[in-house]
Amino acid sequence: MKSLNVYCTKFAAVVLLSLTIFSCKVGQEESQKNDKEYLTDKVYPLLDSENSRWFFFSSASRPFGMVNLSPDNEIDGAWGSGYRYKVDTIKGFSHIHAWQISGLSVMPVTFSEETTQTIYSDFFSSFSHEKEIIKPGYHKVELDRFDIKAELTSSTRVGFHKYAFPKDKQAGILFNLNTMLGPNENLDGVLEKTGESELTGQLVAAPTRRRPRPLTIFFKIELNQPIKSIAKDAKTGNYLVSLNTTDKPVLMKAGISYTSIKNAANNISTELPSWDFDKVVEDSHNQWESLLGRIEIKGGSEQQQRRFYTDLWHGLQGRRIISDVNGAYPDNTGEKFRVGQIPLNTEGKPKFNHYNSDSFWGAQWTLNTLWGLVYPEIMEEFTHSLVQYYKDGGLIPRGPSGGNYTYVMTGASSTPFIVTAIQKGIITEDLEEIYKALKVNHMPDGIMSHSGYEHNTKLGGGLKYYIENGFVPYPIPEGRFGGHQEGASLTMEYSYQDWTLAQLAKKLGHEDDYNYFLKRSKNYQNVFDASTGWMRAKNLNGTWKSNFDPYQTEHGFIESNGAQSTWFVPHDLEGLATLMGGKEKAIDKLNEQFETAEKINFTAGTSHSQELHPEYRRIPINYGNQPSIQTAFVFHKLGKYDLTQYWSRKVVDKAFGGLSPATGYNGDEDQGLMGSLAVIMKMGLFQMNGGTDEHSEYQIGSPIFNEITINLNPAYYTGKKFVIKAKNNSPSNVYVNKVELNQKVISDFTLKHSDITNGGELVLDMSENVGQKTK
């Protein structure tokens, strides 16, 4: 088991020997940059930043870092907050941008006798994008009001600040510890001077509707110069740390912990013992470079390459580490808070990191494939973390925050994630225990019984009706207990997840369970209305919802409409086609949906907030949210490979081709889900059932690059590289007329996981005309 903190370096030594040591000083002007082009240079952090939410934007952060240090322009609410490109005011640099958690906002300031009393509440500053530099692991910005040049970087658990103050002004750092900050309020913030140049403190991340228990954030501050004074404002609760005037930059380390100040200090001494700011920037660069370098591409336009590595970067962040470097972590799953401990290896180091995470809803088509193939060590860590929640609280979560269950979204979305990790050979031990844990969620009182954010009851998920009657009614007879109680979608989601659990039961020889869950996986048929040809909600008596309109959003369907969600049968698309009157009718139906959706670029607007607008909500396919992001590859499973190739290229171009602050994911990126989707579609690979079948099958699509090399992790896979070559590729040559794997013709456009991980070469002959016969 490799710790996420060290695997990048180890793997780089084995596979990425050609990486040039990063020697240019990040923070210098672009014209002074080294001539070598790095993959991190292709990343565009400002993508979609006009539409970003609290945990979306990233800059001075490591992969999945506990610290996610960046400027905040908006600080009130989880949506439309954090770094927002069109807002010209910085309101602080905060260290935590996580799912339902925020904390430790600081602001370098200058002040005088006249402003000593007002600076506590009046400290915002304008800034200019023209003087801003943003790269993976680094952010530089100038605060116009104070004439301060601020630079930010970090290790995994420690923020590192560099401030250049004007020489003729009184310098200070304001700690905004009692404030609304993104998704939650920061309360009871305290700061204490504990040494000549050291501070300690803590604050409480107040409960939210999604995270109903408070979480204490502990922190340790170290400065490279003595503290002149520290004062607290009674009205705001903010603290002002005064510094002596200096010609040298002020450096500040901020280590955080969710368990204790002692562990926050230990995180600093372990991860960031030196004061060499440029070296930390370099280390962060090298870590990102190593991860991005797992996939090398040739061909395509410069914009396509930049967007690809930006998508890949998004797939490697968002979900955050919550355990300390020594393995201590916050456990909020019981009646009382406790500090848990990750098991240690023979070297006395934690076997894995523990995580805070938004839902895995939709991960079967995104993270499952990207992490499982390119970053198996990440999938392994997350699996162990999810299972740890079961050991502590009795349930595998679908999106934990603050060490506790949030019941975000619906179903048992972690089941396919963990099953694919087992089917791909990433998880090989304790399989019976893991199966037992997963099964709990599929039975009464398990996580399927909970609707979205249903914390205190187990009724909103409608699981008892699903088990007894074969479908979840709409509405739930007992009333509303949480969000997303749309019965048709719940029925289809449970059916798929039951099928994935059945595959693990089969693998482990549990024949009775296999047959039981396989039978339940057919329940999707009970919400198909043959008279309309669509999935349709019905009440407990089995009466179809009246005045049915397949393009009406929600009303039985979660964050979607009936037209979009009808195709949510990834485990039995041939069975779905039979219900529709045969493959040909199903194909024609879906093709017509794509032709209509293309008119508005396959998305319901450019942000999640636009999905319910009248001009967008009736779209039949929406690649801005998870329920229908598999649909381009439905054609493949029905034998029309050419339509998968055609439409997947169209989607990539129109929905995931832009490169600007105004657009990018056109909906809900959800902590790397859509970035991962964009990456795998651009590589021409997909996994319809989430990789949960015995051989973890991949469907071949239409890659946008001429050559793609996956550098396989040798700690998990026997092959060194897997190369995809698309001969005669171009924007018009979207069709694959011939497929050869290691010089052997592949007629069904599918690969097994082992075909890739054993290494080799996949050659695709591309054309602007359809030439391959379909089955």
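If you check residue 145 against the conditions, is it under 29 Å from the mean Cα position of the chain (by Cα), assigned by TED's automatic domain parsing to the domain that holds residue 287 and modelled with pLDDT of 95 or more?
no
Taking the listed residues 240, 203, 187, the one that is of a type in the set (A, V, I, L, M), within 27 Å of the chain's Cα centre (by Cα) and assigned to a strand (DSSP E or B) is 203, with no other qualifying.
For segment 167-187, a residue qualifies if it is over 16 Å from residue 106 (Cα atoms) and in contact with a strand residue (DSSP E or B) (Cβ under 8 Å, 6 or more places away or on another chain), and the qualifying residues are 169, 170, 183, 184.
For residue 438, the criteria (1) touching a strand residue (DSSP E or B) at 6+ places or on another chain (Cβ under 9 Å); (2) part of a helix (DSSP H, G or I) hold in every case but one, which is (1). For segment 632-652, does any single residue satisfy the condition of being of a type in the set (Gly, Ala, Ser), modelled with pLDDT of 95 or more, surrounded by 24 or more Cβ atoms within 10 Å (Cβ to Cβ) and within 25 Å of residue 583 (Cβ to Cβ)? Yes; the residues of segment 632-652 include at least one that is of a type in the set (Gly, Ala, Ser), modelled with pLDDT of 95 or more, surrounded by 24 or more Cβ atoms within 10 Å (Cβ to Cβ) and within 25 Å of residue 583 (Cβ to Cβ).
The single condition among (1) closer than 29 Å to residue 211 by Cβ; (2) surrounded by 22 or more Cβ atoms within 10 Å (Cβ to Cβ); (3) touching a helix residue (DSSP H, G or I) at 6+ places or on another chain (Cβ under 8 Å) that residue 486 does not satisfy is (3). Selection within segment 434-458: residues that are without any contact (Cβ under 8 Å) to a residue 24 or more places away in the chain and of a type in the set (D, E, K, R). The member of this set that is surrounded by the fewest Cβ atoms within 10 Å (Cβ to Cβ) is 436.
Of all residues in segment 209-236, those being free of Cβ contacts under 8 Å to residues at least 60 places away in the same chain, more than 25 Å from residue 276 (Cα to Cα), hydrophobic (A, V, I, L, M, F, W, C) and touching a strand residue (DSSP E or B) at 6+ places or on another chain (Cβ under 7 Å) number 2.
Just the residues that are assigned to a strand (DSSP E or B) and surrounded by fewer than 17 Cβ atoms within 10 Å (Cβ to Cβ), please, taken from segment 543-558.
Scanning segment 543-558 gives a single hit, 544.
Listed by position, the strands (runs of 3 or more DSSP E) enclosed by segment 82-152 that each have at least 1 residues that are surrounded by fewer than 23 Cβ atoms within 10 Å (Cβ to Cβ) and not β-branched (Val, Ile, Thr) are 101-111, 133-135, 138-143.
The residue list 353, 326, 286 contains one member that is outside the structural domain of residue 400 (by TED's automatic domain parsing) and either over 19 Å from residue 97 (Cα atoms) or buried (at least 24 other Cβ atoms within 10 Å of the Cβ) (or both), which is 286. Among residues of segment 733-749 that are farther than 21 Å from residue 697 by Cβ, those with a beta-carbon under 6 Å from a residue that is polar (S, T, N, Q) and outside any strand (DSSP E or B) at least six positions away or on a different chain give the pairs 734/645; 734/702; 735/645; 737/772. Sub-7 Å Cβ pairs linking a first residue in segment 378-398 that is under 12 Å from residue 441 (Cβ atoms) and aromatic (Phe, Trp, Tyr) to a second residue that is buried (at least 24 other Cβ atoms within 10 Å of the Cβ) and at pLDDT 95 or above, at least 6 apart or interchain, are 389/396; 389/397; 389/400; 390/396, ordered by first then second residue. For segment 69-78, the count of residues that are at pLDDT below 95, under 25 Å from residue 666 (Cβ atoms) and within 17 Å of the chain's Cα centre (by Cα) is at least one.
Is segment 126-136 home to any residue that is touching a helix residue (DSSP H, G or I) at 6+ places or on another chain (Cβ under 7 Å) and within 24 Å of residue 164 (Cβ to Cβ)? Yes, segment 126-136 contains at least one residue that is touching a helix residue (DSSP H, G or I) at 6+ places or on another chain (Cβ under 7 Å) and within 24 Å of residue 164 (Cβ to Cβ).
For segment 606-618: of the residues being within 21 Å of residue 359 (Cβ to Cβ) and part of a loop (DSSP other than H, G, I, E, B), which is farthest from the chain's Cα centre (by Cα)? Break it down stepwise before answering.
Filtering segment 606-618 for residues within 21 Å of residue 359 (Cβ to Cβ) gives 607-612.
Now restrict to residues that are part of a loop (DSSP other than H, G, I, E, B): 611-612.
Details: 611: 20, 612: 23 Å.
Ranking the candidates gives 612 first.
Taking the listed residues 479, 461, 425, the one that is buried (at least 19 other Cβ atoms within 10 Å of the Cβ), assigned by TED's automatic domain parsing to the domain that holds residue 627 and assigned to a loop (DSSP other than H, G, I, E, B) is 461, with no other qualifying. Considering every residue within segment 729-750, establish whether at least one is buried (at least 23 other Cβ atoms within 10 Å of the Cβ), aromatic (Phe, Trp, Tyr) and in contact with an Asp or Glu (Cβ under 7 Å, 6 or more places away or on another chain). Checked segment 729-750: no residue is buried (at least 23 other Cβ atoms within 10 Å of the Cβ), aromatic (Phe, Trp, Tyr) and in contact with an Asp or Glu (Cβ under 7 Å, 6 or more places away or on another chain).
Looking across 89, 110, one residue alone is without any contact (Cβ under 8 Å) to a residue 60 or more places away in the chain and β-branched (Val, Ile, Thr). It is 89. When segment 289-308 is filtered for residues that are charged (D, E, K, R) and either more than 20 Å from the chain's Cα centre (by Cα) or surrounded by fewer than 21 Cβ atoms within 10 Å (Cβ to Cβ) (or both), the ones remaining, listed by number, are 296, 298, 302, 306.
If you go through segment 559-584 and keep only what is assigned to a helix (DSSP H, G or I), without any contact (Cβ under 8 Å) to a residue 12 or more places away in the chain and not polar (S, T, N, Q), you end up with just 584. Taken together, 572, 512 contain a single residue that is surrounded by fewer than 18 Cβ atoms within 10 Å (Cβ to Cβ), in the same structural domain as residue 690 (by TED's automatic domain parsing) and closer than 21 Å to residue 415 by Cα, which is 512.
The values are calculated or read from the model by the stated rules, or taken from the named source; none is laboratory data. Not measured: the values here are computed from a predicted model. Here Cβ is always computed from backbone atoms with ideal geometry, including for glycine, and neighbour counts include all displayed protein chains.
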